[in-house]
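Please find one structure pasted underneath; my questions will follow.
The values are calculated or read from the model by the stated rules, or taken from the named source; none is laboratory data. Everything quoted here is computed from the prediction, not taken from an experiment. Virtual Cβ from ideal backbone geometry, glycine too; neighbours counted across all protein chains shown.
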Amino acid sequence: MHIPNLTAPILNPSSSIQKVLESTTKIRFQHCDPFGHLNNATYLSYLTNEREDQVASAYGLDIYEWGMKQGTSWVVGKHEIIYRKPAFYNEMVTVQSRLIGFADRHIQVEMAMLNAERTHLKAVLWSNFVHVDMKAKRPAAHVQELMDLFAKALSPLSQTVIEDRVKGWETELGMAKA
């Protein structure tokens, strides 16, 4: 069990904010179907777990510690995911994530899974997270400290529809069909 250090600062971004976060992870056997493909529902866990680790590393924001200290956290309001290529058992994959939108009470994050060489798109996930007061169980406004971080980390996209974004990724990667 992770025991948070409640005396340490919970938000400590470096002076230069990285907008596109990236990490690699290995696809595990227990998350795959009999064909060795990553189970569709499990993509959500891989992508959101990587995002959580990326944010903690890049911005010093541990969402569990934040919730314990501030009494607020984020819940999923909506997921949109498009699957393009399967991820396979034991494969190393790259996960990229970015904040693509934010407002007073919510954030929108893009998470993409690619092969390790970043030449094939496996899935793109757009998630809307609602900021909530954990005691009141109601949406809550972000504190100014978070709004300032979001303004620095924002990486807006020209596409407003996930299908268009996937086409853009595939064109960029040379995957577009002729």
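Any idea which of Met111, Met147 is closer than 24 Å to Asp33 by Cα and at pLDDT 95 or above? Even if it seems obvious, please write down each step before you answer.
Working: Met147 fails: closer than 24 Å to Asp33 by Cα.
The unique qualifying residue is Met111.
Considering only region 60-82, how many residues are crowded, with 16+ Cβ neighbours inside 10 Å and in a loop (DSSP other than H, G, I, E, B)?
3
Could you tell me which of the residues Val161, Val130 is among the aliphatic types (A, V, I, L, M) and without any contact (Cβ under 8 Å) to a residue 12 or more places away in the chain?
Answer to the check: Val161.
What residue, among those in region 121-144 that are closer than 21 Å to Asn49 by Cα and out of contact with any His (no Cβ under 9 Å at 6 or more places or on another chain), is modelled with the lowest pLDDT?
Initially, region 121-144 is screened for residues closer than 21 Å to Asn49 by Cα, giving 121-132, 134.
Among the residues that remain, those that are also out of contact with any His (no Cβ under 9 Å at 6 or more places or on another chain) are: 121-124, 132, 134.
On the way: Leu121: 98, Lys122: 98, Ala123: 98, Val124: 98, Val132: 98, Met134: 95.
The residue in question is Met134.
Still on this structure, I have one more. Anything in region 123-138 that is of a type outside the set (S, T, N, Q) and either more than 23 Å from Ala56 (Cβ to Cβ) or buried (at least 16 other Cβ atoms within 10 Å of the Cβ) (or both)? List them, or say none.
Ala123, Val124, Leu125, Trp126, Phe129, Val130, His131, Val132, Lys135, Ala136, Lys137, Arg138
Kindly provide the set of residues from region 85-103 that are more than 14 Å from the chain's Cα centre (by Cα), of a type outside the set (Lys, Arg) and under 29 Å from Asp33 (Cα atoms), ordered by number.
If the condition is that a residue be more than 14 Å from the chain's Cα centre (by Cα), of a type outside the set (Lys, Arg) and under 29 Å from Asp33 (Cα atoms), then Pro86, Ala87, Phe88, Tyr89, Asn90, Glu91, Met92, Val93 are the ones that fit.
Another question, if that's okay. Would you tally the residues in region 139-172 being surrounded by fewer than 16 Cβ atoms within 10 Å (Cβ to Cβ), within 19 Å of Ile107 (Cβ to Cβ) and of a type in the set (D, E, K, R)?
Qualifying residue count, region 139-172: 3.
Could you please tell me which pairs satisfy a Cβ distance under 9 Å, a separation of 6+ or placement on different chains, a first residue in region 84-97 that is in contact (Cβ under 8 Å) with a residue 60 or more places away in the chain and surrounded by fewer than 16 Cβ atoms within 10 Å (Cβ to Cβ), and a second residue that is of a type outside the set (Asp, Glu) and in a loop (DSSP other than H, G, I, E, B)?
Short answer, once both residue conditions are applied: Phe88/Ile27; Phe88/Phe35; Phe88/Gly36; Asn90/Ile27; Asn90/Arg28; Asn90/Gly36; Met92/Ile27; Met92/Ala116.
Against the condition free of Cβ contacts under 8 Å to residues at least 24 places away in the same chain, over 22 Å from Thr160 (Cα atoms) and out of contact with any strand residue (DSSP E or B) (no Cβ under 9 Å at 6 or more places or on another chain), how does Ala103 come out, does it pass? Can you show your working first?
Numbers: free of Cβ contacts under 8 Å to residues at least 24 places away in the same chain: yes; over 22 Å from Thr160 (Cα atoms): no; out of contact with any strand residue (DSSP E or B) (no Cβ under 9 Å at 6 or more places or on another chain): yes.
No: the conditions fail for Ala103.
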